Amino acid sequence: MTRPAWAPHEVDIDRPSAARVYDYYLGGSHNFAVDREMARQAIADWPDLPRIMQANRAFMRRAVRYCLAHGIDQFLDVGSGIPTVGNVHEVAQAADPSARVLYVDIDAVAVAHSCALLDDDPRTGVVHADFLDVDSVLDDPATRSVLDLDRPVALLAVALLHFVGDERRPADALGRYRDALAPGSHLALSHASADTMPDRADDHVALYRRTATPMSMRPREEVEGFFDGFSLVDPGVVAIPFWRPDGHLPAGAERIPGYAGLGRRD
């Protein structure tokens, strides 16, 4: 295909990207034909997929608003993906115009679009890094210019950790963030799981092996383990749509797999 003007030259436009497929599910426009084809295959096998992705995004919005209501006005969004409507800075700054947001992603397309979108907003920043490289993230000049790490920060890992296998030790990275962030900081995360529909999940995992970010679905107890050192906020780790729903549940909420939770560092 012809390379769009906005696509960095180092990006492989012939291999699907999880970040761009996710953008397509959310109704975004920053994806390629190969991503749309993979998404269509996935939806054919699992028609609820767009609803699942939208439930993740809705959880993120609720978690951001909860943190703002509890005095946190700084957000570190790791594995942030490609900014689409309703992203962290839009939600946070709608409630608090002074809120500050730092986006981190390893995907070059996601970073390029974040930079273009946020170029004139001094309250936001973008870091091109693997969230597992904690020092690179926290010591980056963009991080230091946007966030005050001596004050509480909300660390967001929404729909991220299922793309990080156990061999890469994601829990260790979360522990390093926890130790580096000020007391009162929060961790919000959501995670795919095969607990409720293992057969369909196996097919989905197989599909994602075509990308650079294969999936590692985990059971509830392993998701809870990511909150080591954090005090879980009520209702704890629950099915994604059921974490503090804002007045109503989406259609088919009972068919949305995966877990979400938010914890506080004391």
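The values are calculated or read from the model by the stated rules, or taken from the named source; none is laboratory data. As the structure is a computational prediction, the values presented were derived from the model and not from experiment. When we count neighbours, we look across all protein chains shown, and the Cβ atoms used for this are built from the backbone with ideal geometry, even at glycine.
Here are a few things to note about the model shown:
- Residue that is surrounded by the most Cβ atoms within 10 Å (Cβ to Cβ) [pool: residues in segment 36-93 that are among the polar types (S, T, N, Q) and modelled with pLDDT of 95 or more]: Q74
- When V137 is tested against (1) touching a Gly at 6+ places or on another chain (Cβ under 8 Å); (2) not in a loop (DSSP other than H, G, I, E, B), exactly one condition is not met: (1).
- Yes/no for S114 being of a type in the set (S, T, Y) and either more than 17 Å from R20 (Cα to Cα) or touching a helix residue (DSSP H, G or I) at 6+ places or on another chain (Cβ under 8 Å) (or both): no
- A110, sole failed condition from (1) buried (at least 21 other Cβ atoms within 10 Å of the Cβ); (2) over 23 Å from A69 (Cβ atoms); (3) modelled with pLDDT of 95 or more: (3)
- Hits in segment 141-187 (condition: among the charged types (D, E, K, R) and outside any loop (DSSP other than H, G, I, E, B)): R144, D166, E167, R168, D172, R176, R178, D179
- Residue in segment 71-87 that is farthest from D23 (Cα to Cα), counting only those that are in contact (Cβ under 8 Å) with a residue 24 or more places away in the chain, part of a loop (DSSP other than H, G, I, E, B) and of a type in the set (S, T, N, Q): S80
- L118 being at pLDDT below 95 and of a type outside the set (G, A, S): yes
- Residues in segment 88-114 that are within 17 Å of the chain's Cα centre (by Cα), without any contact (Cβ under 8 Å) to a residue 40 or more places away in the chain and not in a loop (DSSP other than H, G, I, E, B): H89, E90, V91, A92, Y103, V104, V111, S114.
- The condition of being out of contact with any strand residue (DSSP E or B) (no Cβ under 9 Å at 6 or more places or on another chain) and without any contact (Cβ under 8 Å) to a residue 40 or more places away in the chain holds for only one of D135, D130, D166, that being D135.
- Single condition F163 does not satisfy, out of (1) over 28 Å from E224 (Cβ atoms); (2) at pLDDT below 95: (1)
- Within segment 240-254, the set of residues being surrounded by fewer than 21 Cβ atoms within 10 Å (Cβ to Cβ) and not in a helix (DSSP H, G or I) comprises R244, P245, D246, G247, H248, L249, P250, A251, G252.
- As a summary of the residue check, P257 satisfies the conditions (1) without any contact (Cβ under 8 Å) to a residue 12 or more places away in the chain; (2) buried (at least 20 other Cβ atoms within 10 Å of the Cβ) except for the one numbered (1).
- Test: R20 is in a helix (DSSP H, G or I), at pLDDT below 85, more than 17 Å from A192 (Cα to Cα) and of a type outside the set (A, V, I, L, M, F, W, C): yes
- Of the residues examined, V205 is not one that is modelled with pLDDT of 95 or more, of a type outside the set (K, R) and surrounded by 13 or more Cβ atoms within 10 Å (Cβ to Cβ).
- Test for L102: is it buried (at least 19 other Cβ atoms within 10 Å of the Cβ) and in contact with a Ser or Thr (Cβ under 6 Å, 6 or more places away or on another chain): yes
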